[in-house]
Amino acid sequence: MNTVKTPWLNNYGEVPPTLDYPDGSMWERIKSICEKYPDNIAYDFMGKTTTYAELSVKLDSCAKALKTLGVREGDKVTVCMPNCPQAVVMFYAINGVGAIANMVHPLSGENEIKFYLKESGSVAAITLDQFYPKFAAIRAEVDLPHLIIATIKDELSPIMKVGYELTSARKVPKMPKDAPVVYWNDFIALGKNYPSQYLVQRRAADPAVVLYSGGTTGVTKGILLSNLNFNALAEQIIATNPMFRPGDKMLAVMPIFHGFGLGVSIHSMLANGGRCILVPRFTAESYAKLLVKHRCNFIAGVPTLYEALLRLPSMEGADLSCLKGVFSGGDSLSVELKKRFDRFLAEHGAPIKVREGYGTTETVTACCLTPLHLAKEGSIGQPFPDTFFKIVRVGTTEEVPYGEEGEICIAGPTVMMEYVNHPEETANTLRVHDDGKTWVHTGDLGVMDEEGFVYFRQRIKRMIITSGYNVYPSQLENILDAHELVHMSCVIGVKDPVKMQRVKAFVMLKPGVQPSEENRQILIEYCRKNMARYAVPKEIEFRKSLPKTLVGKVAYRELEQEELEKENNKTAV
């Protein structure tokens, strides 16, 4: 059998394969940390710090205010916010009153927000003033009793507040005087004299959070996660990073509405006494500046973020010796990009290398990580403690031998409860195998070796079938990215009347390299030498940039849609 749950070996000793997890809520975990480290800083936000003692007071005030609004146990409350203090406080306060946090991207379109509100049945929502027009446009179409409006300036130091008023605040549309909303400060004041018990005791198995994902079919749906899912992740992250110490700083740039940002960068830090540098909006330049300024110990990001850092002149001479952990996830990290970024880290004094991980929103986020000093080229690492990986033949529960490709399945304490309102897909994705465990069928292809290292190959649905052959875009991207002319690539399948699909590559050239027919032919010849004949791209298109998703992944679906529309237009003509 290839099911693997292995102890981790590294320079800090053996990580236990089994951990102890609290039976309580996320609220209880955070409040216990507030008592243990009251004077430690919980988070920094644009020049202003908040201690754990101060955070504790904020959490109580917000929980009381939610109860005053009438939020009850099991209700859904939408948090449509960037990484800012109000979002963090609201997230845990929702948990404290026994409600469920419905996490939504603030840059979502009006119709998307309408979908999230209706799908969840939210009784309240919080967003920033700058996003109010989107809520106003759909308010009449949804049943949303309470809309709380926060502003960035309410959480700034006096000096920063003046600067904000003179710059960013001018770009925010003015709120109508008669807007049917509750402003954050007024909302907090509501609970000041709340007379009754405001906390609701919840257990590990109780539902706590809804995150959104395309699931295994690509259709957006809510993923219901429990207190245990998040608290187990917080234990696993620290167990696999024994160099962590309370007070260590995490640059929390991955968004709070996403499992990677919420689970790794925020909850795992705050649940263990870490310090979050909250970043509401960033560019590669601002990210680099904050990393150096705050002397961050941990950073987590998608590959495109690290690719952008490599191109920044401002990073020349930067001292990164403060780093204890650099994690890549959310998308496939090419072997070439990892080599380039590892060199970059070494040249800037960092004593560590990038550690690639893997996970799905169905398991909150990461559930597999490269161990310290035990990396294998192309591997996404080994399973977390108490987490099992299994490779099965696609469409079955039958395990395949080591080294054979199949669908990645995962079991463990971070596995989701269900897809909200989608029982049929829940049944297809969560399956009880003969071993009695409930396994997530991820829809991802992978391989496992005899030492328990896992290798991600491709989303099953992204696989290209050309002339009867299976072609995996990420493998071709790895080859292209290794060429001296190429900065980044994306490979897709395009409809073909004869071959079913043909391979097309979109290529970003390195700075200073010009798009030309000569360079195109150089790359095609290179592909012919390094790829199977049927996998060689029939077309290479140069792009100045590649589209990205809201969390920074390369948006290959956008490129697929572009090509589909081109094909449809040809057919129409």
Q. Going by the alpha-carbon gyration tensor, a ≥ b ≥ c the square roots of its eigenvalues, is the stretch 10-61 rounded (a/c under 1.5) or, if a/c is not under 1.5, prolate (a/b greater than b/c) versus oblate?
A. oblate
Q: With 23 Å as the limit, write out which pairs from 161/293; 31/153; 48/114; 153/553; 76/114; 504/570 have Cα-Cα distances beyond it, or answer none.
A: 31/153; 48/114; 153/553
(Q) I'd like the antiparallel share, as a percent to the nearest 5, of DSSP beta bridges with both residues in the stretch 204-278. (A) 60
Q.
Straight-line reach only, C-alpha to C-alpha below 18 angstrom: list the aspartates and glutamates that residue 390 could link to, leaving out same-chain residues fewer than 8 apart.
A. 362, 398, 399, 404, 405, 407, 434, 435, 444, 449, 450, 451
Q: Provide the packing ranking of 360-369, 181-190, i.e. peptides ordered by the mean count of other C-beta atoms within 10 Å per residue, highest first.
A: 360-369, 181-190
Q.
Could you sort the peptides 230-239, 291-300 by per-residue average Cβ neighbour count (10 Å cutoff), highest mean leading?
A. 230-239, 291-300
Q) So what is the accessible area of the chain per residue, in Å², with the probe set to 1.4 Å? A) 42
Q: Take every DSSP beta bridge whose two residues both sit in the chain, then give the antiparallel share in percent to the nearest 5.
A: 60
Q | Separation in nanometres of the label points that stand 7 Å from Cα toward Cβ, at residue 555 and residue 165 | A | 3.7
Q: Let me know the shape class of the stretch 404-509, please: from the alpha-carbon gyration tensor, a ≥ b ≥ c as square roots of the eigenvalues, rounded when a/c is under 1.5, otherwise prolate if a/b is greater than b/c, or oblate.
A: prolate
(Q) If a paramagnetic tag sat 7 Å from the Cα of residue 196 along the Cα-Cβ line, which residues of the stretch 85-105 would have the backbone N under 16 Å from that point? (A) 97-99
Q) Pulled fully out, how much extra length does the chain show between residue 321 and residue 111, if you take 0.36 nm times their separation in residues and subtract their Cα-Cα distance? A) 71.1 nm
Q: Give me the percent of DSSP beta bridges within the stretch 428-573 that run antiparallel, rounded to the nearest 5.
A: 85
Q: Please list the radius of gyration and Dmax for the chain, considering alpha-carbon atoms only, with Å as the unit.
A: 23.9, 76
Q) If you line up the Cα atoms of the stretch 450-526 on their principal axes, what length do they span on each, largest first, in Å? A) 41, 41, 18
Q) What is the dipole size for the chain, taken about its Cα centre, with +1 at each Lys and Arg Cβ and -1 at each Asp and Glu Cβ, in debye to the nearest 20? A) 1300
**Q.** Label-to-label distance, nm, for residues given as residue 373 and residue 205 (7 Å Cα→Cβ offset)
**A.** 4.2
Q.
For q values of 0.13, 0.21, 0.24 Å⁻¹, compute log₁₀ I(q)/I(0) with the Debye formula on a Cα-only model of the stretch 460-573, without solvent.
A. -0.49, -1.25, -1.49
Q) If R0 is 41 Å, what FRET efficiency do you get for residue 534 and residue 343 from their C-beta distance, rounded to 0.05? A) 0.75
Q) residue 283 to residue 434: FRET efficiency via 1/(1 + (r/R0)^6), r the Cβ-Cβ distance, R0 60 Å, to the nearest 0.05? A) 0.75
Q. Going highest first, how would you order 512-523, 15-26, 88-99 by mean Cβ packing within 10 Å?
A. 88-99, 15-26, 512-523
**Q.** Student exercise, the stretch 352-511 dipole from Lys, Arg, Asp, Glu Cβ charges, in Debye to nearest 20
**A.** 720
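The values are calculated or read from the model by the stated rules, or taken from the named source; none is laboratory data. Keep in mind the model is a prediction, meaning the values are calculated, not measured. Positions of Cβ are backbone-derived with ideal geometry, glycine not excepted, and every protein chain shown enters the neighbour counts. The area values use the complete protein model at the heavy-atom level, side chains included, leaving out ligands, DNA and RNA. Shrake-Rupley method; radii C 1.70, N 1.55, O 1.52, S 1.80 Å.
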